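Engineer: Sending over a structure as structure tokens; questions will come in a sec.
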Amino acid sequence: MIRAWARAGARDGASRARRGLVLVLPGLWVLGVVTWELCEPTGGRLLQLLAAAPAIACAGTGRRQCVLLGGVCALAALVPFGAGHAGPGPGTRVMTCGAVLAVVGASYLTAGRRKRLLRELERTREVATAAQRVLLRPLPPRIGGLVLAADHLSASEGAVVGGDLYDVVGTRYGVRAVIGDVRGHGLTAIGTVGAMLGSFREAAHDEPELAGVLRRLERAHQRHLGERARRTDPADGGAASPVGEEFVTLLLVQIAPDGSMTALNCGHPWPYRLVWRAVDPVAPLAPGEPMPPLGLFPLPADAAPVRCGRLRPGEGLFLHTDGAVEARDRAGEFFPLAQRLYRSVATTAGTPGPAPAGVVDDVREALLRHAGGRLSDDVAFVLLCADGTDHDPAVPTPATGVPAPWGTGFTTGARTPYG
């Protein structure tokens with residue numbers, strides 16, 4: 001938290017310094033031109049540079065400063081500098097004043113249009129951010145006995161979401177999580193991300209088996225590709241088209257109320273198990289070979305979840321996409337995710353319990369420093385930690401007598417064991 005405040009204070013200080021420089025720069029320009037003319041007379045020819053001051057004022061500050069400074073420059077242009085040195089005549093001074101006023105008028109109109117465009121851009125950003133947050137919604141801090149933390153970095157500048165997807169929901173079968181990576185990155189993959197997340201949020205509650213959730217995701221992916229193919233030109237379709245080559249890597253994880261974990265992996269990196277206060281706090285979780293990504297081959301008929309042990313209190317499961325391990329620095333070195341996790345867990349080992357938010361924030365900052373702020377692929381992290389909190393296993397029933405649906409923290413009155 002202290003580091004976040006320090007970074008915010010540094011950004012605010014830099015922003016104030018830039019605003020102050022923009023405010024004083026037009027005045028310094030006028031002062032410099034007038035001083036030069038007084039010290040080294042040029043017969044008033046240098047005063048023509050005063051026309052640039054209103055343009056600088058309008059570009060950096062606002063319309064009011066533009067008009068005020070433009071009037072000062074116009075009056076300065078009428079002053080007979082260099083009268084004893086064959087300075088310009090009244091006609092030349094009037095023409096210079098007119099040129100300054102013309103620049104003032106043009107800059108005034110340009111600044112007004114710029115302000116309108118900036119307001120429209122800000123509203124567009126707000127709408128786009130809200131829409132993207134609905135697609136890749138923030139996770140609740142807790143679901144059942146699990147404490148959650150997640151983060152996402154898009155390779156597209158200005159985008160909140162990209163080609164990576166994740167979600168965690170609480171169901172009557174346990175906590176179910178998905179993390180995936182769509183072929184490609186950035187804005188072009190958002191459609192597939194929406195199809196996958198929408199299908200998972202429904203199937204996770206409806207399907208009693210984790211394999212059933214995966215098959216629902218496969219069908220949703222096929223429907224999405226079919227709809228895209230129908231919207232494109234048939235002459236551009238086929239196996240060589242982007243639609244024909246698109247696939248999704250997915251990792252489905254289910255954590256039962258007793259902590260037992262099962263998973264289905266379709267070409268996705270296996271997660272890491274984090275154990276606070278252990279000699280070896282970071283260990284890769286790889287219980288078997290993953291299946292091919294969705295979209296390359298049909299799922300096998302015997303796609304059964306693999307058992308991944310038990311998540312005990314004080315332990316965590318760190319899910320990530322391949323962008324976290326493929327990020328390179330200037331020397332071409334990959335990001336050492338396992339070593340970073342080791343340091344992050346060691347740093348937060350003194351807390352009363354697992355601190356998933358601290359680990360995720362630390363890994364995110366280290367990744368950005370390693371890549372120099374330039375990402376070639378989207379990155380997503382999800383950390384699920386068991387804190388050992390006991391929850392009432394009773395299923396709440398609404399007034400209608402129908403069992404309440406299990407959700408992700410949104411209830412209609414009573415709390416659910418995983419909500």
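Engineer: According to a simple spin-label model (label point 7 Å from Cα along Cα-to-Cβ), what is the distance in nm between R223 and L109?
Structural biologist: Each label point lies 7 Å from its Cα, and together they span 5.4 nm.
Engineer: Ranked from highest to lowest mean number of other Cβ atoms within 10 Å per residue, what is the order of the peptides 336-347, 308-319?
Structural biologist: 308-319, 336-347
Engineer: Please list the non-local residues whose amide H lies under 5 Å from the amide H of E315, H modeled 1.01 Å from N, same-chain partners needing a gap of 5 or more.
Structural biologist: Hits under the 5 Å cutoff: A386.
Engineer: In nm, to one decimal, how far is the modelled label at R133 from the one at E120, with both set 7 Å along Cα→Cβ?
Structural biologist: 2.5
Engineer: Return the long-range amide H neighbours of D378 (sequence gap of 5 or more, or a different chain), with a cut-off of under 5 Å between placed amide H atoms.
Structural biologist: A155, G163, G186
Engineer: Just order 110-116, 167-173 by mean Cβ neighbour count inside 10 Å, highest at the front, would you?
Structural biologist: Descending mean neighbour count gives 167-173, 110-116.
Engineer: If I take R0 = 30 Å and measure r between the Cβ atoms of E40 and V94 in this structure, what FRET efficiency does the formula 1/(1 + (r/R0)^6) give, to the nearest 0.05?
Structural biologist: 0.80
Engineer: Determine, from the Cβ-Cβ distance of A331 and L285 and an R0 of 25 Å, the FRET efficiency 1/(1 + (r/R0)^6), rounded to the nearest 0.05.
Structural biologist: 0.25
Engineer: So for each of 123-135, 283-295 I average, over its residues, the number of other beta carbons within 10 Å; can you give me the resulting order with the highest mean first?
Structural biologist: Most protected by this proxy first, the peptides run 283-295, 123-135.
Bear in mind these aren't lab numbers, they're just calculated from the coordinates by the rules spelled out. Just so we're clear, the structure is a prediction, and the values are computed from it rather than from any experiment. Neighbour counts run over all protein chains shown; Cβ positions are idealised from the backbone, glycine included.
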